[in-house]
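Below is one structure, written out as structure tokens; the observations come after it.
The values are calculated or read from the model by the stated rules, or taken from the named source; none is laboratory data. Since the structure is predicted, the reported quantities are computational estimates derived from the model, not experimental observations. With ideal geometry, Cβ positions are generated from the backbone for all residues, glycine too; neighbour counts draw on all protein chains shown. Side chains included, ligands, DNA and RNA excluded: accessible areas come from the protein's heavy atoms. Shrake-Rupley method; radii C 1.70, N 1.55, O 1.52, S 1.80 Å.
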Amino acid sequence: MPDFDRIPRDRLPALLRQMPKAELHIHIEGSLEPELIFRLAERNGVALAYPSVQALREAYAFTDLQSFLDIYYAGASVLLKEADFFDMAWAYFEKAAADNVVHAELFFDPQTHTERGVPIEAVILGLHHACQRAHAEFGITSRLILCFLRHLSEDDAFRTLDAALPYREYFVGVGLDSSERDHPPEKFARVFARCRELGLHVVAHAGEEGPPAYIDSAIDVLKVERIDHGVRCVEDPGLVARLAALRMPLTVCPLSNVKLCVFSSLAAHNLPQLLDAGLVVTINSDDPAYFGGYLNDNFVQTFEALPVLGARHAYTLARNSFEASFVDAPMRADWQRRLDDVFVAAAV
Ligand code: HPA
Ligand code: ZN
């Protein structure tokens, strides 16, 4: 175990950047930067509602989850061909490599594309080829997680699953995203049961804007292995104790939470409280092109805003990201050794 007390505080930002880490909550469509949106719009002859990159960026002033989703789905409208999905994911992997991300589990939203007539094959193969190249060029391992849009029906989710099954070898799990309020996990009980029968991993967004009861039902009804966000669990002390006892990972996204007004500022974020409660918390970027930063921006800005967080927390967060990932034990152990090495070297 590294000696955290011997790591000087001024080393912390560099250590946060340098430490190996896994990213487990990134919507790949949320990594689409305005510059790439305009490039793809031109390439594909798609008309945009904004006259310039700057005008689009200025529209990124969100008041809640729905105000973000409206712009996020509009941005994704430029994605039509397999090459577009490849280019988007490749741009993400270049940022991830610079942030010392060694493993990434990418969410993608097929329904956002298939409803515009894009073949699901173009979505999945474009992303898959970027994952392959990221491994070859950067040594980054990755997995794809297919998300169902919860504002649509369960029947629609079943049709999406059926369309994706010929490409089953390319994704490891399913998730649940989009508008949380009034769309409880119970709505997707049958399709998640089917996914579990197929041997898919299951995760769900819960307790971002929705009540703590949605976290309980994601566990009880959907039988999820991770909760995405989950920050509203603190409203129910019994639930916090349950999450701790289960070692149920929470994929927390601090910059996202501030941009979508879940917290008023990073300084007001409950991450320290979640860590103190012994929860398996991880830090993630969610939709980095829209929320002001990639993974290291999330780490560095969160630690800057919350001085109670130190080297021990940094280590715990990185270690949790490996514990919560969907990889085999030898791979996880290898990353944990590399993480230990970085922290041992930082102690003076
Ligand atoms: N919450 C729900 N749905 C989403 C999000 C999010 O933060 N990002 C992209 N789809
Ligand atoms: Zn999310």
- [ ] Could you run through segment 100-124 and say how many residues are away from ligand 2 (no atom under 16 Å from the Cβ), under 20 Å from the mean Cα position of the chain (by Cα) and either assigned to a helix (DSSP H, G or I) or farther than 20 Å from PHE326 by Cα (or both)?
- [x] 3
Task: segment 175-190, residues that are among the hydrophobic types (A, V, I, L, M, F, W, C) and within 14 Å of ligand 2 (Cβ to nearest atom) - done: LEU176
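Does LEU80 satisfy the criteria of being within 16 Å of ligand 1 (Cβ to nearest atom) and modelled with pLDDT of 95 or more?
Details: within 16 Å of ligand 1 (Cβ to nearest atom): no; modelled with pLDDT of 95 or more: yes.
Here the answer is no, as LEU80 does not meet what is asked.
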Task: Failed criterion for GLN66 (all others in (1) under 30 Å from SER264 (Cα atoms); (2) within 16 Å of ligand 2 (Cβ to nearest atom); (3) open to solvent by less than 50 Å² (accessible area, probe 1.4 Å); (4) assigned to a helix (DSSP H, G or I) hold) - done: (3)
Open item on the list: If I filter segment 283-291 for residues that are within 16 Å of ligand 1 (Cβ to nearest atom), open to solvent by less than 50 Å² (accessible area, probe 1.4 Å) and either under 24 Å from PHE4 (Cα atoms) or over 19 Å from the mean Cα position of the chain (by Cα) (or both), do I get at least one hit?
Closed with: yes
Task: Matching residues, segment 211-263, being farther than 17 Å from ASP276 by Cα, in a helix (DSSP H, G or I), open to solvent by 30 Å² or more (accessible area, probe 1.4 Å) and within 16 Å of ligand 2 (Cβ to nearest atom) - done: TYR214, VAL258, LYS259
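Report, by residue number, each residue of segment 18-44 that is within 15 Å of ligand 1 (Cβ to nearest atom) and either out of contact with any strand residue (DSSP E or B) (no Cβ under 7 Å at 6 or more places or on another chain) or in a helix (DSSP H, G or I) (or both).
Scanning segment 18-44 gives ILE28, GLU29, GLY30, SER31, LEU32.
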TODO: Only residues that are away from ligand 2 (no atom under 16 Å from the Cβ) and among the hydroxyl-bearing types (Ser, Thr, Tyr): list them for segment 270-306, please.
DONE: THR302
Open item on the list: I'd like to verify a number: residues in segment 252-274 that are away from ligand 1 (no atom under 13 Å from the Cβ), within 14 Å of ARG232 (Cα to Cα) and hydrophobic (A, V, I, L, M, F, W, C), how many?
Closed with: 4
